[in-house]
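Have a look at the structure below, then the notes.
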Amino acid sequence: MSLEQKIGQLVQVEGAYGSLPDHLREAVVCGAVGSIINEVDPATLNELQRIAREESPHGIPLLIGRDVIHGFHTVFPIPLGMAASWNDTLVEQAARLSAWEAAQQGVNWTFSPMLDVSRDPRWGRIAESFGEDPLLTARLGAAMVRGYQNDTEHPLVSCLKHFVGYGACEAGKDYNTTNLPEIELRNVYLPPFEAAVRAGALTVMPSFSDLNGMPPSGNAWLLRDVLRGEWQFDGLVVSDWASISQLVVHGVAENEANAAAQAARAGVNMDMVSGAYAAHLAQLVEAGALNEQLVDELVLEVLRVKFAAGLFDAPVRVYHMATQTPAALALAQEVAEQSIVLLKNNDVLPLAIEGRVCLLGPLADQPYEQLGTWVFDGDVARSVTIREAFAATFGGRLSYDPVLETSRDRSQAGFDAAATLAWQSDVVVLALGEEAILSGEAHCRSDIQLPGAQSALVEHIAALGKPVIVAILAGRPLAISEVVERADALLYAWHPGSMAGTALLNVITGGVDASGRLPVTLPRRVGQVPIYYAHGHTGKPATPETVIHIDDIDPKAPQTSIGNTSFHLDVDPSPLFPFGFGLSYTTFEFHNLREEAVADDEAVAMAVDVINSGARAGVTVAQLYVRDLVASATRPVRELKAYERLTLEAGERRTLRFSISRDALSFHNGRAKVFEPGRFRIWVGEHAACGLSAEVLVE
Ligand code: NOJ
C-alpha cells in the first residue's frame, strides 16, 4: 500500500445519508477512506462496500459506524434506564438485538457502550451512562460488548467511550474541564473500561474533555501507557467527532498539522471527520516529522479490527432493510419493565383495572419523546405511548388531557379543566418529566427540577384528594422532593423506549413486579450535587446529632468549628433516595449474614438468607457493599462489590453466597494497586443505605 492508501485507512468521513455523491465514491475508489459514519441505507452501503472491495487499490472493506446507543429500529430504555434493571443478561440481549437489526442494514460498528461513571445529573449525557457506580457500569458495559460483538452472524463492533473521565466535567457542563487525580481515575473511572477491554471490546473513543491538562485525543499516557501498555488493548482508537482538530482549540497544538501528529503519536488510529489526518499525515511523514512505521502500526490495528469484525469473510454480506420482529418489541418491553423504579407506594399500586382513570401530562402521548436521546433510526411508528396502552386496557373509562404542551410549558391555563377531568375519575396518573432533547450531548441543566409548570400541576391535582400516581420520564435524575411528597405513588421510568406505554401499564397494574433499582442517587436539591453513595469518609462525618438546619441556628450562636461536621445548612444531608433503591410489590427480608469458608482465589465469602416476606411473588436485587475500615489511603464509605437480581415466590427463602476476590478489595493508593489485609465491614441488602452488616477480618 502506498503511504496515501495507508493513511486512507485512518480516515473516517461522513456519509451522505442515503446517496452516493461523486466525491465520496472517488474517495473510496482511490482508497482514501477507511470508514464512513452515519450511512445506514442498505443499498448505498452495498454499493460502497462493493466499490471498496472491487475498485479500490487494495480491496479493503469499510467500517460503517453509527451511534446505535440503546437500540436501532427497536428502541430500548436509555442506558441509564437499562442500568436500573441491574440485569446483565437482559442488557446483553438488548445489545444483541440492536446488533442484529443494525448489521442487517450494513452498519458494522457502534459507538457504544458509554462507560463514563456519572455522578452529576446536570450533565445531559448521564442519560447515556450506566450511572454512578464503577462495578454496575463495568458489568453492564461488558454485557453490552458481548451482546454487540458475539453474534457471529450479525456482529457489531463495539466502542468504549469516552475514555476517560468525561462524566466528571466540572459543573456538569458538557465538554468542560475534568481534573481527576490519578487515584480517583484508577479507582473509579478506569475500571469499567478495563473490564470492557477484557470482555473483548475492539475499539475505544477518547473523550472531548480536557483531562488533567491534556485532552485524551492527544494523551499518550492514557492511550499508550494505560490502554495499550497496561491492558494490552490491540484494537482501534477512534477520535471523537473532530476531536483531533480540537486539540488546536484546546490550545495544546499550534495548528492542525501539529494536532494530527500529536494524536497519531498518542495512538489515535482513526480521525473521525476532522480531516486532519487526511490533510497532514503524508506531509508529516515526508518531512520526517512522523515515522512511517508509526503509520504502519496504526493501520495494522485498524485492519486487525476489520478482520475481527468479519469484514473479509466470505461470502460477502448483502444488506437489506432490517426486519423488525414481534420478539424485538417483546424484549424492549421486558427491558423497559425492569428499568422502571417504584420509589413510593401508599398502597395505591398495583392499580385495579376496574376503575376510571384520568391520564394527564405532557409526556403521556409522545411516541418520539419517550424514546430518549440518541435516537437516529428508531421507528417512532412502533412506539406504544402511555395513552395508547391505557386506552387499550381501560377503554371508555380512560380520560386524557396533556394539560401542558411540553414539559417546559409554564402556562397554567389548562389546570382547571384537568382538575375537572380528574375529579370525575377514581385515580389520576400524571406522566411528567423531560422531552428527549433536554438530555444527551450538550443538553445540560443548572436546575434539575421538573421543568415548566409540572410541579404546580401536581400540586393542583393532588389538592383534589384523589389518589395520584406520578410517572417520571426523563433522561436524568431530577430533584423531585415536593412531587414525591404529594404523590401517592411515584415511578421513575427514565426514557423507556418503544414500549414505554405497555411497560408502564404492566408495572402500574401489577402484571409484573416493580423491579427497577436506582443506578444513581436521587438528590433532594441540585445544591447537593455531586451526591453519590461511595463518597469519601471525611474526618468529620455528619451525624444526626450534629446536623443543624438554617432555621434552627440561634441568632447569638458563637462562631466555632468545634463539633462541626460535613453537611449543608439548608437541606437534609441524606439523598432523596439512595443508590440501589426501589420498591417491589412484595417485601424482602435479609437475615443471617455470615462468613463462609473461602476458596483459594477468594478473599472473603459471605452468605445471607433472603426471604420474600410478602404475599406475592416478586423481584429484589441483593446488593453487597464493602468498606475497608483501615487503609493506607482514605476509602469510600461503601462500595458495591456484588449484586444479584432474584425472583422469589411468596414466602420463599433463598440463601445467596457472594464471593469477593482479593482484586475486588484492592485499590490504588498511588500508582500501584494494593491489597491490604485487615478489617472490612460488609453490608448486604436492597440499597446503599441498607443496615444488615458484619465485620470481617481478611487475611
Ligand atoms: C460525538 C459524541 O461525543 C460521541 O459519543 C459520538 O459517538 C460521536 N459524536 C459520533 O456521533
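The values are calculated or read from the model by the stated rules, or taken from the named source; none is laboratory data. Small disclaimer: the values here were computed from a predicted structure and weren't measured. Ideal geometry is used to build each Cβ from the backbone, glycine not excepted, and the neighbour counts take in all protein chains shown. Note: areas computed on protein heavy atoms with side chains; ligands, DNA, RNA excluded. Shrake-Rupley method; radii C 1.70, N 1.55, O 1.52, S 1.80 Å.
Apolar share of the accessible surface for the range 528-673: 51 percent from carbon plus sulfur atoms, 1.4 Å probe.
Roughly how tilted is helix 326-339, in degrees to the nearest 10 and between 0 and 90, from the longest Cα axis of the chain? Roughly 50 degrees between the two axes.
To the nearest ten degrees, helix 276-286 and the longest principal axis of the Cα atoms of the chain are 40 degrees apart. Accessible surface for the chain, divided over its residues, is 36 Å² per residue with a 1.4 Å probe. Given +1 at the Cβ of Lys and Arg, -1 at the Cβ of Asp and Glu and no other charges, the dipole of the range 588-698 around its Cα centre is 340 debye to the nearest 20. DSSP assigns beta bridges within the chain; of those with both partners inside it, close to 55 percent run antiparallel. Here the relative contact order of the chain, from alpha carbon pairs under 8 Å that lie six or more residues apart, stands at 13 percent.
Wrap a convex hull around the Cα atoms of the range 333-410, take a quarter of its surface area, and give that in square nanometres. It would help to have the intermediate numbers written out before the result.
On the way: hull surface 27.4 nm².
With the hull built on Cα positions only, its mean projection is 6.8 nm².
Here the alpha carbons of the range 331-508 define both size measures, Rg and Dmax, at 14.8, 44 Å. Bridgeable lysines around Lys306 (alpha carbons under 17 Å apart, same-chain partners fewer than 8 residues away excluded): Lys6. Just to confirm my numbers, what's the Cα centroid distance between the range 309-388 and the range 87-151 in Å? About 16 Å separates the Cα centre of the range 309-388 from the one of the range 87-151.
Only protein heavy atoms count here; on that basis, with a 1.4 Å probe, Asp663 has an accessible area of about 90 Å².
Under 25 Å of direct C-alpha separation, and excluding same-chain neighbours fewer than eight residues apart, Lys540 reaches these lysines: Lys556.
When the P(r) is computed for the range 240-330, the part past 15 Å accounts for 67% of the Cα-Cα pairs. Which residue, chosen from Leu583, Ser217, Leu236, occupies the Cα position most advanced towards the positive end of the dipole of the chain, where the dipole is computed from +1 (Lys, Arg) and -1 (Asp, Glu) charges on Cβ about the Cα centre? Selected residue: Leu583.
Centroid-to-centroid, using Cα positions, the range 227-304 and the range 457-490 are 50 Å apart. Expressed in Å, the radius of gyration and Dmax of the Cα atoms of the range 534-574 are 11.1, 37. Find the eigenvalues of the gyration tensor of the Cα atoms of the range 25-180, then list the square roots of 5 times those eigenvalues as equivalent ellipsoid semi-axes, largest first, in whole angstrom. They are 32, 19, 12 Å, listed from largest to smallest. What the Kirkwood sum gives for the chain is a hydrodynamic radius of 26.6 Å, with every pair of different alpha carbons counted.
Seen against the Cα atoms of the chain and their longest principal axis, helix 134-149 is set at about 50 degrees. So how strong a dipole does the range 170-272 carry about its Cα centre when Lys and Arg Cβ are +1 and Asp and Glu Cβ are -1, to the nearest 20 debye? The dipole magnitude comes to about 200 debye.
Surface composition of the range 87-170: carbon and sulfur atoms hold 46% of the protein heavy-atom accessible area at a 1.4 Å probe. When the GluC sites (Glu not before Pro) in the range 90-177 are filtered for DSSP coil states and for at most 12 other beta-carbon atoms within 10 Å of their beta-carbon, the remaining sites are Glu153.
Per Stokes-Einstein, at 37 °C and 0.692 mPa s, what whole-number D in µm² s⁻¹ belongs to the range 479-582, with the Kirkwood radius over Cα pairs as the hydrodynamic radius? Answer, rounded: 196 µm²/s. Building the convex hull from the alpha-carbon atoms of the range 595-681 and averaging its projection over directions returns 6.5 nm². For the range 262-318, with all protein chains in place and a probe radius of 1.4 Å, 56% of the accessible heavy-atom surface sits on carbon or sulfur. Measuring with a 1.4 angstrom probe and ignoring ligands and nucleic acids, Cys169 comes out at about 10 Å² accessible. Taking the helices alone, the chain has a mean residue ellipticity at 222 nm of -7000 deg cm²/dmol, built from -39,500 (n - 2.57) per DSSP H run of at least 4 residues and averaged over all its residues. Sparsely packed loop sites in the range 332-434 (the GluC sites (Glu not before Pro) outside DSSP H, G, I, E and B with at most 16 other Cβ atoms within 10 Å) comprise Glu354, Glu405. The alpha carbons of the range 1-111 stretch over 49, 26, 18 Å along the principal axes, in descending order. Quarter the surface of the alpha carbon convex hull of the range 396-490 and you get the mean projected area, 6.2 square nanometres. Computed on protein heavy atoms with a 1.4 Å probe, the accessible areas place Asp601, Asp401, Asp347 in the order Asp347, Asp601, Asp401, largest first.
Looking at the calculated P(r) for the range 264-380, what percent of the C-alpha pair distances fall above 19 Å? For the range 264-380, the share of Cα pairs beyond 19 Å comes to 74 percent. Of the GluC sites (Glu not before Pro) in the range 494-602, the ones in a loop by DSSP (not H, G, I, E or B) with at most 16 other beta carbons within 10 Å are Glu545. Separation of the range 44-77 and the range 492-520, taken as the distance between their Cα centroids, equals 34 angstrom.
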